[in-house]
Amino acid sequence: MTDTTRAPLALVALFCAAETFSMAGFALVPSLLPRLSEQWSLSATEGGWLGGIFFLGYILAVPLLVSLTDRLDARRVYLACAGLSGIALAGFASLADSLSAALCWWSLAGLGLAGTYMPGLKAMTDRLPVAVQSRATAFYTATFGVGVGLSYLWIELLQGLMPWPSLFAVAAAGAALSVLLVWRGVSPGKSSLRPRVGHGQWRNVLHDRRILAFCGGYFGHNWELFGFRAWLVAYLTWMHAMSPDAWTARPGWIAALATFLAVPASILGNEGAQHWGRKRWLQCVMPLSCILALIVGLSGSQSSRLLVPVILVYAASMNLDSAALTAGLLTETPPEQRGTALALYSSIGFAGGFIGPVAFGAALDAFGRNTHAGWAAGFVTLACGVGCGRWAIGRIESQGSGIGRQ
């Protein structure tokens, strides 16, 4: 289903802009975690649950919502769930007065992401010529980093000027803008006449070892990435409290920069995978970010002027596999199975996004939230996450499924 009403470049730009607006609230909980933890007297583990519940909401909804795009126009799923994201953010702003209420509303916001991120990707690629789908996917997945970075940035700029519920209201307006962009800018497509996705199609996807390799890699990638993002502002805030420095005085700026670095890293990662082969690329870059996680964790006693640049290099490295994994899944999956494959990929991948923040918080509680050992243990959990992803790729490949050059 190619959209002939818009040039491919304009269509990609529109979906990337809508993705950015829909993610305006993504960094709210990570940015406000120190304040919310103090206000609600949260332990580090409870803070990890608050950061991770977003992705639990995501993985509970994504199998249904993304596989549904094999039968329905993905644009319809996107519009409904972008609207739901706005409602969840508005509900958090007006009704979240305790941890339990916050968990409910933030998980609902994660459900909204389940119906916008991958369905948005499918709505876009369904309307593009096959020749441009891989690079368009790289730009779309890299825009995820743009959206997260801008989210950190505007929250850092405004949180000193307004109460935190007002920040959630601003983010709800961003979700409404994404609805307007896609509703007005993307032509409706025809729903497929294929029957409801059944056990047979799921069985085909689950038996495809190459798809499972990408899913395992994405699990490890998201464990590391979202564990890092959930706790980065809190870590920089703790560093500043221990040793005040201009480098850590505005942790939101550092978090935004770390996230913006994901954009070129993700795009270059896909280009590297196309040039050298996805298998070789993933086998190199995933251990690299694992090593850097350990270096950051074990260097916590160093001056922030030395540590912050290392954190930024680490933030870039952990995104060198992102677009390579997603583009590989899309290009190797038949069009009629992409929705189901993306549903599995998202479910397994964002399970890592849920585990990462919780594991980091549990490590902090176990080894001391106000000690270098506690934060070092948290970064070790990130290294374990990406190590699991690399192990999954190698293990599935050793059973007979290579990930070759794309």
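Using θ = phi - 60° and the Karplus form 6.51 cos²θ - 1.76 cosθ + 1.60, what ³J(HN,Hα) does each residue of the range 250-256 get, whole Hz, x for Gly and Pro?
For the range 250-256, the Karplus curve yields 10, x, x, 5, 5, 4, 5 Hz.
Charges at C-beta only: +1 for Lys and Arg, -1 for Asp and Glu. How large is the resulting dipole of the range 28-163 about its Cα centre, in Debye rounded to 20? Could the numbers behind the result be given before it?
Numbers: 7 positive and 7 negative charges, 102 e Å.
So the magnitude is around 500 debye.
Helix 164-185 against the longest principal axis of the chain: what's the angle in degrees, Cα atoms only, rounded to the nearest 10?
Relative to the chain, helix 164-185 is tipped by roughly 20 degrees.
Which value, in Å², gives the accessible area per residue of the chain when a 1.4 Å probe is used on the protein heavy atoms?
Numbers: 15210 Å² over 406 residues.
For the chain, the per-residue accessible area is 37 Å².
With θ taken as phi - 60° and the coefficients 6.51, -1.76 and 1.60, list the Karplus ³J(HN,Hα) couplings across the range 331-340 in order, rounded to whole Hz; mark glycine and proline as x.
Listing the rounded values in order: 6, 9, 10, x, x, 6, 10, 5, x, 5 Hz.
Run the quick spin-label model on GLN283 and LEU312: label points 7 Å from Cα toward the beta carbon, then report their separation in nm to one decimal.
Going from the GLN283 label point to the LEU312 one covers 3.3 nm.
I'd like the carbon and sulfur percentage of the solvent accessible area for the range 70-112, probe radius 1.4 Å, heavy atoms only, ligands and nucleic acids excluded. Don't skip to the answer; put the middle values down first.
Details: 1040 of 1520 Å².
That share works out to 68 percent.
Helix 44-67 versus the longest principal axis of the chain: what angle, 0 to 90°, nearest 10, using Cα atoms?
0 degrees
What number does the chain give for Rg over Rh if you use C-alpha atoms and the Kirkwood radius? Walk me through the intermediate numbers first.
On the way: Rg = 20.0 Å, Rh = 20.9 Å.
Result for the chain is an Rg/Rh of 0.95.
Roughly what would the spin-label model give for SER100 and LEU157, points 7 Å off Cα along C-beta, in nm?
If labels sit at SER100 and LEU157, their model points lie 3.9 nm apart.
Run the simple label-point estimate for THR371 and SER299 please: 7 Å along Cα→C-beta, distance reported in nm.
So the label points at THR371 and SER299 sit 2.3 nm apart.
Around TYR152, with a cut-off of 13 angstrom between Cβ atoms, what is the net charge of the other residues, counting Lys and Arg +1 and Asp and Glu -1? It would help to have the intermediate numbers written out before the result.
Details: positive: ARG229, ARG250; negative: GLU156.
In short, +1.
So between SER243 and ALA173, what do we pick up on full extension, going 0.36 nm a residue minus the alpha carbon distance? Each step should come with its number before you reach the end.
Details: separation 70, 0.36 × 70 = 25.20 nm, distance 3.75 nm.
In short, 21.4 nm is gained.
Return the calculated 222 nm mean residue ellipticity for the chain, to the nearest 500 deg cm²/dmol, obtained by summing -39500 (n - 2.57) across DSSP H runs with n ≥ 4 and dividing by the residue count. Could the numbers behind the result be given before it?
Numbers: 17 runs with 318 residues, N = 406.
One gets -26500 deg cm²/dmol as the mean residue ellipticity at 222 nm.
If you line up the long axis of helix 262-276 against the longest principal axis of the chain, both from Cα atoms, how many degrees apart are they, to the nearest 10?
Long axis of 262-276 versus the principal axis of the chain: about 50 degrees.
What ranking do 156-167, 12-23, 224-235 get when scored by the average of other Cβ atoms within 10 Å per residue, highest first?
Top to bottom by mean Cβ count within 10 Å: 224-235, 12-23, 156-167.
Any chance you could check the Cα centroid distance between the range 293-311 and the range 104-158 for me, in angstrom?
Computed from Cα coordinates, the inter-centre distance equals 30 Å.
I'd like the FRET efficiency for TRP253 and GLU336, computed as 1/(1 + (r/R0)^6) with the beta carbon distance as r and R0 of 45 Å, rounded to 0.05. Before the final figure, lay out each step's value.
Values: r = 45 Å, r/R0 = 1.01.
Approximately 0.50, to the nearest 0.05.
Below 15 angstrom from the Cβ of GLY352, what's the summed charge of the other residues (Lys, Arg +1; Asp, Glu -1)?
Working: positive: ARG229, ARG390; negative: GLU224, ASP321.
Neighbourhood net charge equals 0.
The values are calculated or read from the model by the stated rules, or taken from the named source; none is laboratory data. Predicted model, so just to flag it, every value in this text is computed and none were measured. Reconstructed Cβ throughout: ideal geometry from the backbone, glycine too, with neighbour counts over all protein chains shown. The accessibility values were calculated without ligands, DNA or RNA, using every heavy atom of the protein model including side chains. Shrake-Rupley method; radii C 1.70, N 1.55, O 1.52, S 1.80 Å.
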